[in-house]
Amino acid sequence: MERTLRIATRGSRLALIQSYIIGEILSNNGIKYKIIPVKSEGDKDLTKPLYEYNERGIFVKAINEEILKGNADIAVHSAKDLPFDIGEELEISYYSERGDTRDYFVSNIAMEVFSGTVGGSSIRRQNFLSIKYDKMSFKNLRGNIDTRITKWKNNEVDGLVIAKVAIDRLGLSLPGEIISESVLPPAPNQGLIAVVTRKNSEESKFFNSIRNLVSFWEGDIERKLMGKLSIGCDLAVSIRAYQEIRTIKFSFAREGKRYDLSFKNFPDSKAIREMRDIIYG
């Protein structure tokens, strides 16, 4: 690819950093690139909780459409923002090396004694944390990570929950503590950066040729199970695939109850029905 490859992404600081991570991979392979920031639907309305959107993938649709319009060659996303269905013409061609999959509690007060409001709009975080920490109340707080941290510093909320990998990539030092996956299991694809391309394109072939096999195994399995279960961010579901031990873990929380299942291979139809009954039954 002698031409300059155009990368579509959200305009937040984290999204741009993640695009530069992918850009560095391109540079190391002798490929020039430029980054094209795009405002997604989820960035335009910062008052509505994420789970109230009827359409899944509100942070990614407009960005992926730049590929279809011919304005970009690839799109770079936090993989957990991608819905299962991204359209027949597109595919995820690459997952980055996986970062920390855990979440981080931002506060000057330890979680064990915390009593107050936690900013965020994630149903997964609310439902799982409420099981162990019944003195936490949750307040819808939208915006990019820098915006949410500013609101916390201005005492709009007493605490925040942020993906640990985002804190790492932004190089932030924040008071608080890492939340164990045993307490708050991760969203599907958490910790991964995804590259979306047109199917069978020159870009697709290039990224497929440099795949991180561990990340691709984990990311692909988690997404396939998302599709089988028809889940989005409106449900408190965690799916985590561990390539090293060939294990897939499923967790679900609702109304103070938690359900956990573990599989050594991709779940068969009976196991899929069991999980669907847990979620929708």
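The values are calculated or read from the model by the stated rules, or taken from the named source; none is laboratory data. Note that the structure is predicted; figures quoted are calculated from it, not measured. Neighbour counts are summed over all protein chains in view; Cβ atoms, including those assigned to glycine, are modelled from backbone coordinates with ideal geometry. For accessibility, only protein heavy atoms count, side chains too; no ligands or nucleic acids. Shrake-Rupley method; radii C 1.70, N 1.55, O 1.52, S 1.80 Å.
In a simple Cβ point-charge model (Lys, Arg +1; Asp, Glu -1; nothing else charged), the chain has a dipole of about 120 debye relative to its Cα centre.
Taking the protein heavy atoms of the chain in the context of the full set of protein chains, the accessible area attributed to carbon and sulfur is 46 percent at 1.4 Å. Summing charges over neighbours of residue 156, with a neighbour being any other residue whose Cβ is under 11 Å away from its Cβ, gives +3 when K and R count +1 and D and E count -1. Label positions at residue 270 and residue 61, each projected 7 Å from the Cα along the C-beta direction, are separated by 4.0 nm. Under 1.5 on a/c is rounded, so check that first for region 126-281, then, if it is not, pick prolate when a/b is larger than b/c and oblate when it is not; a ≥ b ≥ c are the square roots of the alpha carbon gyration tensor eigenvalues. Oblate shape, in that a/c is at least 1.5 and b/c is the bigger or equal ratio.
Restricting to the chain, what percent of DSSP beta bridges are antiparallel, rounded to 5? Of all bridge pairs located within the chain, approximately 70 percent are antiparallel. For residue 256, what charge total do you get from the other residues with a beta carbon under 13 Å from its beta carbon, if Lys and Arg give +1 and Asp and Glu give -1? Charge balance near residue 256 sits at +2.
The Cα atoms of the chain give a gyration tensor whose axes a ≥ b ≥ c have a/c of 1.5 or more with a/b no greater than b/c, which makes the shape oblate. Using 18 Å as the cut-off for backbone N distance, which residues of region 111-147 belong to the label zone defined by a point 7 Å from the Cα of residue 254 along Cα→Cβ? From region 111-147, the list is 122-131. Probing with 1.4 Å while keeping every protein chain in the model, the per residue accessible area of the chain equals 48 Å². Report summary: the helix-based calculation at 222 nm, which adds -39500 (n - 2.57) for every DSSP H run with n ≥ 4 and divides by the residues of the chain, gives -9500 deg cm²/dmol.
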